[in-house]
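Below is one structure; the comments refer to it alone.
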Amino acid sequence: MFFQGKCPQDAWDESTIELFLQELAVMDSNNFLGNCGVGEREGRVACGLVARRHYRLIHGIGRSGDISAVQPKAAGSSLLNKLTNSLMLDVLRTTGRGVRTATSCFVVPMATGMSLTLCFLTLRHKRPKAKYIIWPRIDQKSCFKSMITAGFEPVVIENILEGDELRTDLNAVESKIRELGAETVLCVHSTTSCFAPRVPDRLEELAEICAKYDIPHIVNNAYGLQSSKCMHLIQQGARRGRIDAFVQSLDKNFMVPVGGAVVAGFDSSFLEEISKMYPGRASASPSLDVLITLLSLGSSGYKTLLTERKELFTYLANELKALAAKHNERLLDTPHNPISMAMSLKNLSDKGGSAITQLGSMLFTRQVSGARVVPLGTSQTVSGYVFKGFMSHSNDYPCAYLNAASAIGIKKQDIDLFIKRLDKCLKQCKKEKDVEDAASGTPSAIEEDVTALTKDFTVSLQVDAV
């Protein structure tokens with residue numbers, strides 16, 4: 001199965017993986033016995049520790065004109081690159097299992113934002129009159145800067161509030177395309193994985209709009225590969241309309257160091273154009289990291305991680321909902337978001353934004369990472385664009401909230417410890433609020449409850465007397 005370009009079913013042990021990498025390394029010219037290198041780049045490494053860190057695979061991947069090209073003097077590194085891309089395509093196909101699956105993909109040694117930029121730059125040559133990118137708003141700087149860096153003007157489409165969820169305004173997207181003219185629009189840049197209460201864009205409908213106006217469609221699928229729901233949206237969008245490429249992070253989906261992404265799509269020729277747009281050779285480190293990881297897990301091990309993540313999402317939601325009720329808050333209703341969730345913080349927001357940010361600081365100093373607190377009314381300027389209500393994906397979301405996510409690799413112990421520490425922090429915040437209220441003469445919640453009970457008791461006595 002492995003030599004057919006598919007991820008092995010069962011995990012390889014570390015000694016087998018190391019032996020395999022050593023066999024690849026001896027195929028590179030810098031490791032040949034008696035090699036005589038007289039070029040400017042001969043895979044020389046000054047430090048043995050650095051050479052061992054990279055398993056002596058020093059030449060990187062690709063050639064100066066194509067990141068997917070084979071290097072004659074680095075057959076081992078080239079084979080590593082081809083195998084990694086084949087295994088990754090197999091994983092992409094097994095995570096979705098839709099009617100239409102990705103036909104091509106390649107690992108690029110850049111994180112998600114720069115990989116999106118590479119896609120936009122490739123489209124520039126196909127649409128020379130285009131200068132705009134239609135972008136349903138998501139408050140994440142990398143994807144926004146990817147459009148700016150590519151030299152295009154983002155056209156921000158505000159989301160619409162449906163219940164607690166922030167969803168794609170399809171009418172606004174289509175109206176803006178008609179207003180600007182389809183030929184001036186480079187693409188629609190949509191999003192799957194995101195922080196609640198924003199939910200994945202309506203990919204199927206956006207894909208249909210793109211097909212209708214003959215506009216390319218690039219999807220930011222940063223950590224959506226681990227979600228069958230996100231992958232299904234992409235497959236359905238490609239089936240019903242148009243999706244040209246989708247980009248996902250290696251570190252978020254495969255638990256490897258930051259610095260790599262996977263560019264995938266349904267048109268092999270377009271994916272080849274993107275790979276040829278990359279200038280120069282590239283580092284093999286991201287490809288090496290994810291290859292080792294996939295071999296160490298096997299397809300069965302990776303599927304187990306995906307199943308555990310999905311089950312723990314439900315567990316986290318139930319625990320957070322119970323904690324929210326305990327503190328007179330609520331878990332926001334965001335059923336279309338399969339990874340992230342949010343809990344209201346209306347009691348803290350009564351004290352102002354400083355109380356919200358204080359909760360975030362308290363969680364961080366108690367070693368809770370990844371939780372985001374979002375106060376109301378925060379504005380931020382990103383590359384000259386002002387975003388009102390930044391981090392909430394909306395100019396005026398109704399309440400402050402806290403985010404938590406069930407991402408791949410999370411454990412039940414993580415959730416239990418998070419809930420325990422969040423509970424303590426919320427109690428501490430309430431205690432401090434009561435102290436401040438007492439100092440200012442404002443009745444605390446406890447005092448208000450006591451006053452209400454006293455009134456009820458007095459009324460009861462008066463009724464009994466009558």
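The values are calculated or read from the model by the stated rules, or taken from the named source; none is laboratory data. What you see is a predicted model; the values in this text were computed from it and never measured. Here the Cβ positions follow ideal geometry from the backbone for every residue, glycine too, while neighbour counts run over all protein chains shown. Only protein heavy atoms, including side chains, enter the accessible area calculation; ligands, DNA and RNA are left aside. Shrake-Rupley method; radii C 1.70, N 1.55, O 1.52, S 1.80 Å.
Equivalent-ellipsoid semi-axes for the stretch 82-179 (Cα gyration tensor, √(5λ), whole Å, largest first): 28, 20, 14.
Under 5 Å from the amide H of ALA282 lie the amide H atoms of ILE61, each residue being 5 or more positions distant or on a separate chain, with H modelled from the backbone and absent for Pro and chain starts.
Think of each Lys and Arg Cβ as +1 and each Asp and Glu Cβ as -1; about the Cα centre, that makes the dipole of the stretch 16-161 roughly 440 debye. Principal axis extents of the C-alpha atoms in the stretch 278-339 (largest first, rounded to whole Å): 56, 32, 19. For the stretch 4-80 versus the stretch 376-390, the spacing of their alpha-carbon centroids is 45 Å.
Using a cutoff of 8 angstrom between alpha carbon atoms and counting only pairs six or more residues apart, the relative contact order for the stretch 32-174 works out to 12 percent.
Of the accessible area of the chain, computed with a 1.4 Å probe over protein heavy atoms only, carbon and sulfur atoms account for 54 percent.
Here the label points at GLU272 and GLN380, each 7 Å from Cα along the C-beta direction, are separated by 4.1 nm in the simple model.
Simple spin-label estimate for THR304 and LEU180 gives 4.7 nm between the two label positions (7 Å along the Cα-to-Cβ direction from each Cα). Evaluated at q = 0.06, 0.08, 0.14 Å⁻¹, a Debye calculation over the C-alpha positions of the chain (equal weights, vacuum) places log10 I(q)/I(0) at -0.33, -0.56, -1.33.
Pairs of Cα atoms nearer than 8 Å and 6+ residues apart set the relative contact order; for the chain it is 17 percent.
Taking the stretch 321-337 and a reference point 7 angstrom along Cα→Cβ of LEU161, the backbone N atoms nearer than 15 Å belong to 332-334. Note on the chain: with charges restricted to the Cβ of Lys and Arg (+1) and Asp and Glu (-1), its dipole about the Cα centre is near 1140 debye. Entry comment: accessible area of the stretch 1-109 is 54 Å² per residue, from protein heavy atoms only and a probe of 1.4 Å.
For LYS431, a cut-off of 19 angstrom between C-alpha atoms picks up these lysines, skipping any fewer than 8 places away in its own chain: LYS326, LYS346, LYS351, LYS420. What separates the Cα centres of the stretch 268-282 and the stretch 153-217 is a distance of 26 Å.
Solvent-accessible surface of protein heavy atoms, probed at 1.4 angstrom with all chains present, puts SER283, SER340 in the order SER283, SER340, largest first. For the stretch 330-392, the per residue solvent-accessible surface stands at 47 Å², with DNA, RNA and ligands left out and a 1.4 Å probe. The share of Cα pairs per 10 Å bin across the stretch 8-65, counted from zero up to the longest distance, runs 19, 46, 25, 8, 1 percent. The equivalent ellipsoid that matches the C-alpha gyration tensor of the stretch 244-304 spans semi-axes of 23, 15, 10 angstrom, in descending order. Rolling a 1.4 Å probe over the protein chains gives ASP251 an accessible area of about 40 Å². Taking a ≥ b ≥ c as the square roots of the eigenvalues of the Cα gyration tensor, an a/c ratio of 1.5 or more together with a/b no larger than b/c marks the stretch 274-424 as oblate. Restricting attention to the stretch 159-303, lysine pairs at least eight places apart or on different chains and with alpha-carbon atoms under 26 angstrom apart total 6. Placing a pseudo-label 7 Å from each Cα along the Cα-to-Cβ vector at THR16 and PHE364 gives an inter-label distance of 4.4 nm. Decide, for the stretch 1-141, between rounded, prolate and oblate: order the square roots of the alpha carbon gyration tensor eigenvalues as a ≥ b ≥ c, take rounded if a/c falls under 1.5, and otherwise choose prolate if a/b is larger than b/c, else oblate. Taking the square roots of the gyration eigenvalues as a ≥ b ≥ c, the stretch 1-141 is oblate. 3J(HN,Hα) along the stretch 259-266, derived from phi through the Karplus expression 6.51 cos²θ - 1.76 cosθ + 1.60 where θ = phi - 60°, amounts to x, x, 8, 10, 9, 9, x, 10 Hz, with x in place of Gly and Pro. Between GLU153 and LEU33, the C-beta separation translates, for a Förster distance of 56 Å, into a calculated FRET efficiency of about 0.50. Report summary: the helix-based calculation at 222 nm, which adds -39500 (n - 2.57) for every DSSP H run with n ≥ 4 and divides by the residues of the chain, gives -15500 deg cm²/dmol. Farthest toward the dipole's positive end in the stretch 243-359, which of ASN337, PHE254, VAL290, given Cβ charges of +1 (Lys, Arg) and -1 (Asp, Glu) about the Cα centre? Checking the options against the dipole of the stretch 243-359, the answer is ASN337. Oblate is the label for the stretch 213-320. Its Cα gyration tensor axes, ordered a ≥ b ≥ c, give a/c of at least 1.5 and b/c at or above a/b.
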